[in-house]
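The values are calculated or read from the model by the stated rules, or taken from the named source; none is laboratory data. What you see is a predicted model, and the numbers here were worked out from it, not measured in a lab. With ideal geometry, Cβ positions are generated from the backbone for all residues, glycine too; neighbour counts draw on all protein chains shown. Note: areas computed on protein heavy atoms with side chains; ligands, DNA, RNA excluded. Shrake-Rupley method; radii C 1.70, N 1.55, O 1.52, S 1.80 Å.
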Amino acid sequence: MAFNEKRRNIAIIAHVDHGKTTLVDAMLKQSHIFRSNEQVAERVLDSNDLERERGITILSKNTAINYKDIKLNIVDTPGHADFGGEVERVLNMVDGVLLLVDAFEGPMPQTKYVLRKALEQKLKPIVVINKIDRPEARVDEVVDEVLELFMELDADDEQLDFPVIYTAAKAGIAKLDMSDQSTNLEPLMETIYKEIPPPEGEFDAPLQMLVTTLEADDYVGKIAIGRIQRGSIKPAQTVALMTSDGIKRAKVAKVFSYNGLNRTETSEAIMGEIVALTGLGEVSIGDTIADIDQPEALPAIRVDEPTLSVTFGVNTSPFAGQEGQFVTSRHIRDRLFKEAQTNVALRVEETDSADVFKVSGRGELHLSILIETMRREGYELQIGKPEVVYKFDGDKKLEPIEQLTVEVPQEFMGTVMESLGWRKAEMQSMNEVAGYMRIQFLIPARGLIGFRSELMTSTKGNGIMNHIFHGYAPYKGDIPGRSRGSLVAFEQGTTTGYGIFNLQDRGTMFIEPGQKVYEGMIVGENARELDIDINPCKQKHASNMRTTASDEAIRLIPPRFLSLEQALEYINDDELVEVTPSAIRLRKAVLDRTVRGRAAKNARK
């Protein structure tokens with residue numbers, strides 16, 4: 001075995017919003033990847049529009065900087081457990097991790113999740129306590145909490161002996177000790193240089209490389225990204241592509257390595273380098289690119305199973321085809337199967353209906369990001385109610401359990417505990433952090449559906465929740481569903497202020513005047529349990545009678561507009577979310593109220 005001393009491969013892992021991408025920005029700037037007079041947007045690696053809007057990383061990103069005589073390949077990973085499939089893949093490419101922890105919040109659920117994955121792969125950790133410039137930072141306590149987390153995850157003695165760096169990523173400074181003075185990230189860079197082991201392997205052995213990421217390009221087709229585990233690779237080289245279906249010959253067109261934010265074409269890449277290859281044709285994540293004469297496969301990537309599924313169907317509402325560009329089942333099918341090739345935590349299955357597909361993922365956010373992406377690309381869809389993915393052990397029904405962490409001000413604790421009680425949550429621990437109560441629960445994944453919006457309401461926007469997959473456990477029994485019915489439009493038309501005003505006392509409206517609606521569309525939430533058919537398009541009849549009261553200006557209560565995630569959480573089994581590039585609507589699965597009424601009557605018999 002030999003070492004590639006000129007390379008270091010490292011992933012930055014952390015809980016969402018602890019500052020990973022900001023730290024990478026600072027490292028790039030101080031490595032002179034940008035010219036000093038160049039105006040650069042913050043979070044340069046969050047290139048996806050949704051990432052910028054939500055302030056989270058969804059897709060892992062590769063970049064590289066030079067430090068002293070080495071090239072440092074950096075992978076920025078998602079912090080949200082719903083994108084854990086991304087994290088698990090990229091950890092195959094690196095030898096060490098920067099574990100970033102907020103100096104105030106301390107280790108959070110996703111911190112635990114990604115650290116467990118890193119320790120399982122025996123990667124060298126460096127702990128970075130970030131945001132030390134926060135006024136409420138509690139640095140020493142957080143370091144102790146991180147040590148406790150390592151011990152809880154059964155880290156070995158070598159992993160427990162981790163170096164600690166203190167940073168303020170926004171200010172671009174790092175320290176080895178809190179009392180040090182610093183103006184740059186040099187202490188962090190030096191620690192990476194000394195502590196992260198260089199890639200180990202054989203330079204002269206037959207080629208081996210695992211495809212860990214795929215990108216699609218309209219001009220060159222699929223781009224396979226991964227780390228060369230053994231040997232070397234050149235442009236125009238014939239290789240063996242080892243897939244789950246067997247071995248086939250392929251020819252590499254071009255070889256790219258990473259340099260700053262760019263990919264640079266190279267004449268040869270050797271063991272330990274992270275590269276992007278073009279020209280391989282139909283390649284999938286988990287395939288091994290091997291020597292044509294001595295093909296040997298690497299272990300395939302193992303990814304945690306999906307826990308939540310929804311149905312994607314062709315839009316069948318009266319407005320179908322009016323707002324989207326891609327509306328047929330063929331369009332939707334091709335897009336979903338294309339997504340499944342690069343999104344390893346996603347499963348797509350065909351159903352008995354040619355127009356409906358079952359899509360399973362790691363959580364509501366994972367699935368809603370896909371729906372939102374497709375919507376922006378011009379697709380029209382109708383989405384069913386999210387359902388958890390059950391397993392069976394003989395006759396025993398098992399369901400996915402999540403570890404939930406809730407942070408709430410003390411005065412709201414009783415309401416939150418009561419809500420989680422009927423959702424079958426079991427409390428594990430409780431402690432106070434800076435005036436907030438941090439409570440941990442184990443809860444069935446189905447109990448979380450709809451809880452986020454309820455938490456925001458019951459805590460007046462002060463509640464914070466995070467959750468990660470814990471495992472499967474025996475079915476916990478029924479959980480009550482939504483306690484209120486829907487207000488359903490019974491004719492097609494345009495809503496009026498007069499029509500809405502006369503219905504406001506029935507419940508909460510989801511619409512405003514001047515909006516087009518159709519029969520079977522859900523326009524509000526009933527204050528009571530049952531659904532009610534209403535007419536929000538009613539016009540005021542003209543007459544020559546005038547009264548002071550009737551001529552007063554009508555006052556409308558502002559409607560409640562639902563985001564995509566809120567809409568998915570809200571719907572019942574007999575309801576769907578209609579998603580188009582310009583609207584998110586709720587509707588009944590059966591639009592005709594006569595047919596719906598007959599079905600409801602039969603169900604009550």
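If you filter segment 91-131 down to residues that are open to solvent by 10 Å² or more (accessible area, probe 1.4 Å) and among the polar types (S, T, N, Q), you find that the one that is nearest to the chain's Cα centre (by Cα) is Asn92. Listed by first and then second residue, the pairs linking a residue in segment 386-409 that is free of Cβ contacts under 8 Å to residues at least 60 places away in the same chain to a residue that is of a type in the set (S, T, N, Q) and in a strand (DSSP E or B), with Cβ atoms under 9 Å apart and 6 or more places separating them unless they lie on different chains, are Val406/Gln440; Val406/Asn466; Glu407/Asn466.
When residues in segment 200-222 are screened for being touching a strand residue (DSSP E or B) at 6+ places or on another chain (Cβ under 9 Å), open to solvent by 10 Å² or more (accessible area, probe 1.4 Å) and either over 16 Å from Pro299 (Cβ atoms) or assigned to a loop (DSSP other than H, G, I, E, B) (or both), 12 of them pass. Taking segment 230-291 as the region of interest, the strands (runs of 3 or more DSSP E) fully inside it that hold 3 or more residues being closer than 20 Å to Asn4 by Cβ and open to solvent by less than 60 Å² (accessible area, probe 1.4 Å) are 255-259, 274-277, 288-291. Screening Ala340, Ala354, Ala300 for residues that are touching a Leu at 6+ places or on another chain (Cβ under 9 Å) and open to solvent by 50 Å² or more (accessible area, probe 1.4 Å) leaves exactly one candidate, Ala300. With respect to the conditions (1) closer than 26 Å to Pro581 by Cβ; (2) assigned to a loop (DSSP other than H, G, I, E, B); (3) without any contact (Cβ under 8 Å) to a residue 60 or more places away in the chain, Ala297 falls short on a single one, namely (1).
Mind listing whichever residues of segment 574-605 are more than 15 Å from Val488 (Cα to Cα) and touching a residue at least 12 places away in the same chain (Cβ under 8 Å)?
Kept after step one, since they are more than 15 Å from Val488 (Cα to Cα), are these residues of segment 574-605: 579-584, 598-599, 601-605.
Within segment 574-605, Val579, Thr580, Pro581, Ser582, Ala583, Ile584 meet the criteria.
The set of residues from segment 359-394 being assigned to a loop (DSSP other than H, G, I, E, B) and either buried (at least 19 other Cβ atoms within 10 Å of the Cβ) or at pLDDT below 90 (or both) comprises Arg362, Gly363, Glu380, Gly384, Lys385, Pro386, Gly394. For segment 188-231, give me the residue count where each residue is β-branched (Val, Ile, Thr) and in contact with a helix residue (DSSP H, G or I) (Cβ under 7 Å, 6 or more places away or on another chain). Counting residues in segment 188-231 that are β-branched (Val, Ile, Thr) and in contact with a helix residue (DSSP H, G or I) (Cβ under 7 Å, 6 or more places away or on another chain) gives 2.
Against the criterion of being modelled with pLDDT under 85 and exposed (fewer than 13 other Cβ atoms within 10 Å of the Cβ), Glu38 qualifies. Number of residues in segment 582-596 that are open to solvent by 50 Å² or more (accessible area, probe 1.4 Å) and out of contact with any strand residue (DSSP E or B) (no Cβ under 7 Å at 6 or more places or on another chain) equals 5.
Residue-wise test of (1) surrounded by fewer than 19 Cβ atoms within 10 Å (Cβ to Cβ); (2) in a helix (DSSP H, G or I).
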| position | (1), (2) |
| --- | --- |
| Pro400 | no, no |
| Val408 | no, no |
| Gly414 | yes, yes |
| Lys424 | no, no |
| Asn431 | yes, no |
| Ile443 | no, no |
| Leu455 | no, yes |
| Lys460 | yes, no |
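When Ile534, Ile522 are screened for being closer than 20 Å to Ser317 by Cα, of a type in the set (A, V, I, L, M), modelled with pLDDT of 90 or more and under 36 Å from the mean Cα position of the chain (by Cα), only Ile522 passes. Of everything in segment 462-480 that is farther than 30 Å from Ser317 by Cβ and not in a strand (DSSP E or B), the residue that is most open to solvent (accessible area, probe 1.4 Å) is Asp478.
Yes/no per residue for (1) over 30 Å from Gly435 (Cβ atoms); (2) out of contact with any helix residue (DSSP H, G or I) (no Cβ under 6 Å at 6 or more places or on another chain); (3) surrounded by fewer than 13 Cβ atoms within 10 Å (Cβ to Cβ):
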| residue | (1), (2), (3) |
| --- | --- |
| Asp133 | no, yes, no |
| Ala137 | no, yes, no |
| Phe150 | no, no, no |
| Asp156 | yes, yes, yes |
| Asp161 | yes, yes, yes |
| Ile165 | no, no, no |
| Leu176 | yes, no, no |
| Thr183 | yes, yes, yes |
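For segment 581-600, which residues satisfy the criterion of being out of contact with any Leu (no Cβ under 8 Å at 6 or more places or on another chain) and not in a loop (DSSP other than H, G, I, E, B)? Correct list: Ala583, Arg585, Arg593, Thr594, Val595, Arg596, Gly597, Arg598, Ala599, Ala600.
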